[in-house]
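So the structure is just underneath, and the comments pick up after that.
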Amino acid sequence: MSSLQERKIDRVGESYFETRHSSGLKIFIYPKPQSHSAYAVFGTNYGSIDNAFRRADEQEVTRVPNGIAHFLEHKMFENEDGVDTFARYAKTGANANAYTTFDKTCYLFSCSGHVYDSLQILLDFVQKPYFTKQTVQKEQGIIGQEIRMYDDDPSWQVLFNMLGGMYHTHPVKLDIAGSTDSIAKITPELLYECHHTFYNLNNMALCVVGNVEPDKVLAVCDKMLRPCEKVQVQRYFDPEPQSIVKPRVCAKGSVATPVFYYGFKEDAAVRATTREAAQTEILLQAISGDASALFRRLLDAGLINESSFDSEYFEGPGYANVLFSGESKDADAVAAEIQKEIASVRKNGLSSEQFENAKKSVYGRTVSGFNSVENLANGIIGAYFAGRSLAEDVEAIASVTEAEAEQRLQKQMLPQNAVLSIVEP
Amino acid sequence: MNQIEQNTLRDGIHFRSVCDTKFKTFRISVNFFMPLKQKTAAANALLPYMLSRCSSEYPDYTAMSKKMASLYGASLSADVGKVGNTQVLTVLAGGIASRYTLQGEDTAGELTRVLCGALFSPVLENGLFREEDFRQEQRQTLEQIDAEYSDKRLFALKRCMETMCAGEAFGIDRYGTRDEVQALTREKVTQAWKDMLATARVEIAVLGDIDAAPVAKAFEKAFGAIERHYESLPLPKSAPCRSKVLRAADHQAVAQGKMVLGMRTGIAQFQKPEMVPAMRLMSAVFGGTPSSRLFLIVREQMSLCYYCSAAYNATNGLMFVQSGVEFDNMQKAEAAVLEQLKAVQQGDFTDEDFEAAKLALVDSYHTVEDSLSALEGWYLTQTFAPKVYSPEEYAALIGAVSREEVVQAAEGVCLDTVYCLKGQEDKKQ
């Protein structure tokens, strides 16, 4: 049995446990005895950007078709005995799903009963790949339809157009699902190779949150986790220049009002720490949140609306950027106002009221996140793969100073790195 | 879980609280139920947005937003929805519980005060909503209506609903039409506010880590100052199924088609309420879960749709099957969906499928109690139900439904309207 370390989050009176299982798997268990439900996520540090990688036991960089991580996610639900994974979950009543992002692939379920039976299913099917030529061919058709569905989604288009204007080589600019052409090149052999490389337990993590007992979770892990060869794998990216590709990308789409993304590319050689991420969140809230002067100016000028204007820090391995998004009849004017506001804050700093209110808002949002077992499980896994920690997050936000936030702004949202993407009717 | 407390503050004003310290947050939602009518829908729709942007005490958007930010990013937000044949105007306040603040601020007390101020004491100029506030919300509502055009899944569902229920209250859009919003005046919206306070059925829900008693007291006092003319709302009427299926289509520059099949079930909260649990289970067996027939057969086996699922609405007794389909496959997909409906009607599903649907439904009801927004929605949709159930009680009802009852519920389901969203190319042919 693995020994558990407790991670306390005193400010909110919460705690969870973590351990490294003898199989190599990182495990997080977060008991919430008052919760009716439980949520488990089993993920690998492998996403759509991993189309080139170097294994420690090989000299060469391996290149695989775009969209393969997402394709693999779809295919994992089929099993050798012909019983679909959803059919297995049907016997426990769990609600199961999976998702692939730029940098991770996660399999999950939520349930209110039979949690250990469902956990057994989750650990089982993700460790057991089974692909045939025929099932791969069929999936190419289904994913082709999914890709076409996203072609009709202007918010998806406008994001990728922006990333295309930002990145010369980094695969974050490519659609997570790949293209009809790239997925046509996927074979069972390639899928097995990617599974073997990235779905080894040393590259994965499990997080279970809810009405569970740690001993019972570990007992299921002991039973189900199969020792595996420790494959060391490095992400490989072609060199990415600091500069952007082009500052403005405009396309036509099936929208009634133009939609936009306005992003600032950053140097992403090293990933942001928990503390730096907190600083950026607070900065964005202060500069462009509902209470900001910028938001009010844009609203009064009829340039944005409350339901769509948003900002986020979007970062992962080898990419980082601050994004503003929304709908606007004149996105160029919005971009100009954002630039003006950032320049002013960079020069004059934030007011104490602006900073304190922004910090309280971000703090409140983070505390609210502790209500949801789903949010906690996904948050813990995401932070772990990013080299950060959920346990430190609340404290980091509570202790960020105004000077730190202002200092961070000196390195972020630089005008020469801005890209505006618009999809108009 | 703590006990649900329910009482009536005044005529037509109901107060419900589910207080539980397992949550880090609380929510107070005030829901005004108004009859859904074409001539009042647009003015009503603007109201919750007008009321949540400022108040006499926080007289503009920025002053209100600063107050919210100082309360740890508390929210004062608005929504407009439909339940049965009513329009529901919601103003909602939410925030973290006082015990988690950095300096011990009384978040619940402050938010209750701000919320009451927003609803009962808005910024008025010469007795009317201020021009700039009105213009701002009018513009944003128009943009909201336009934005729904971009979400093709939602767009198709809405078009099917309005086609199918033309002439019925449910067929009216929750925002009214674009033209109606455009034609609004400050006078109309101010009058709508007065009518809302005086005549609406009001459902106040207080949930989470909060003491409900002071909130009830605050609303009792605030509504005490209003002269009420409350008349209970009429129950929805259910139209019979069409003898010939109604067909409608739109053409847009889309890569993938959308097809929505509108069905009438003859079973709703106001009509055969005792059959509603069976109908819910029928919908799950038919197309509500990954082990349902629409998912397993139409999507997985036949590869006809990228998504294909059924959703049943117990307040109006309608069921909609939504799907993403290639243009060329629409006819085939429609036939396949109807074939699965027929299968359920003939009892052609395994005991395993039946038990799986039951388990999935029961499991999902149990998880409702872990989310404040889910709990709020749970009780809100039962506003017109003859008896109000907790999620746990409802799970027990579902558990008791038999196969025969599911088949019996399915027998009354009939196809009424088929709506398709197709590409431009298809139009030329």
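The values are calculated or read from the model by the stated rules, or taken from the named source; none is laboratory data. Quick caveat, the model's predicted, so the values are computed rather than measured. Quick reminder, even Gly has a Cβ in these numbers, built from the backbone with ideal geometry, and neighbours come from all protein chains shown. Please note that ligands, DNA and RNA were not included when accessible areas were found on the heavy atoms of the full protein model with its side chains. Shrake-Rupley method; radii C 1.70, N 1.55, O 1.52, S 1.80 Å.
Odds and ends about this structure:
- Amide H partners (placed H, <5 Å) of A:E315, local residues excluded: A:N321
- Summarising the amide proton neighbourhood of B:R201: residues at separation of 5 or more, or on other chains, whose placed amide H is nearer than 5 Å comprise B:F33.
- Taking chain B as a whole, the Cys residues whose C-beta sits 4.7 Å or farther from every other Cys C-beta are B:C19, B:C54, B:C116, B:C160, B:C165, B:C420.
- Here the accessible area of the range B:216-297 is 55 percent carbon and sulfur, with a 1.4 angstrom probe and all protein chains present.
- Legend: calculated FRET efficiency, B:S77 to B:S121, from the Cβ-Cβ distance at R0 = 30 Å, rounded to 0.05, equals 0.95.
- Couplings for the range B:161-167, taken from phi via the Karplus curve 6.51 cos²θ - 1.76 cosθ + 1.60 with θ = phi - 60°, read 4, 6, 5, 5, 9, 4, x Hz in order; Gly and Pro are left as x.
- Between the Cα long axis of helix A:133-151 and the first principal axis of chain A there is an angle of about 20°, rounded to the nearest 10.
- With protein chains left intact and a 1.4 Å probe, residues in the range B:134-241 average 46 Å² of accessible area per residue.
- 23 Å Cα cut-off, lysine pairs counted over the range A:204-359 (separation 8 or more, or different chains): 9
- Cα gyration tensor shape of the range B:1-115, rounded if a/c is under 1.5, else prolate or oblate by comparing a/b with b/c: oblate
- Relative contact order (percent, whole number), chain A, Cα cutoff 8 Å, 6+ residue spacing: 23
- Residues whose amide H comes within less than 5 Å of that of B:G317, counting only those at least five positions distant or on another chain, are B:Q269 (H built at 1.01 Å from N in the peptide plane).
- Cα lying deepest toward the dipole's positive end in the range A:197-265, options A:S243, A:S254, A:F264, charges on Cβ: A:S254
- Backbone HN-Hα couplings from phi across the range B:237-247 [Karplus 6.51/-1.76/1.60, Hz, Gly and Pro as x]: 9, 10, 6, x, 5, 5, 6, 10, 4, 7, 10
- The phi-based Karplus calculation (6.51 cos²θ - 1.76 cosθ + 1.60; θ = phi - 60°) puts the 3J(HN,Hα) values of the range B:218-228 at 4, 6, 4, 5, 5, 6, x, 8, 9, 7, 8 Hz, whole numbers, x for Gly and Pro.
- Legend: calculated FRET efficiency, B:A198 to B:S232, from the Cβ-Cβ distance at R0 = 22 Å, rounded to 0.05, equals 0.95.
- Per residue of peptide A:284-291, the mean number of Cβ atoms on other chains within 10 Å of the residue Cβ is 4.
- Angle in degrees between helix A:154-166 and the longest Cα principal axis of chain A, rounded to the nearest 10: 80
- Mean residue ellipticity (222 nm) of chain A, computed from DSSP H runs ≥ 4 via -39,500 (n - 2.57), nearest 500: -12500 deg cm²/dmol
- Cα gyration tensor category, rounded, prolate or oblate, for the range B:94-227 with a/c compared to 1.5: prolate
- Calculated FRET value between B:E274 and B:E404, using beta carbons and R₀ = 22 Å, to 0.05: 0.95
- Angle in degrees between helix B:107-120 and the longest Cα principal axis of chain B, rounded to the nearest 10: 90
- In the assembled protein chains, A:F131 presents an accessible area of approximately 10 Å² (probe radius 1.4 Å).
- Legend: mean number of C-beta atoms from other chains within 10 angstrom of residue C-beta atoms, peptide A:12-21, equals 1.
- Projected area, mean over directions - chain A, Cα convex hull, nm²: 20.8
- Prolate/oblate/rounded call for the protein assembly as shown, Cα gyration tensor, a/c under 1.5 rounded: rounded
- Other protein chain C-beta atoms within 10 Å of residue C-beta, averaged over A:350-362: 4.
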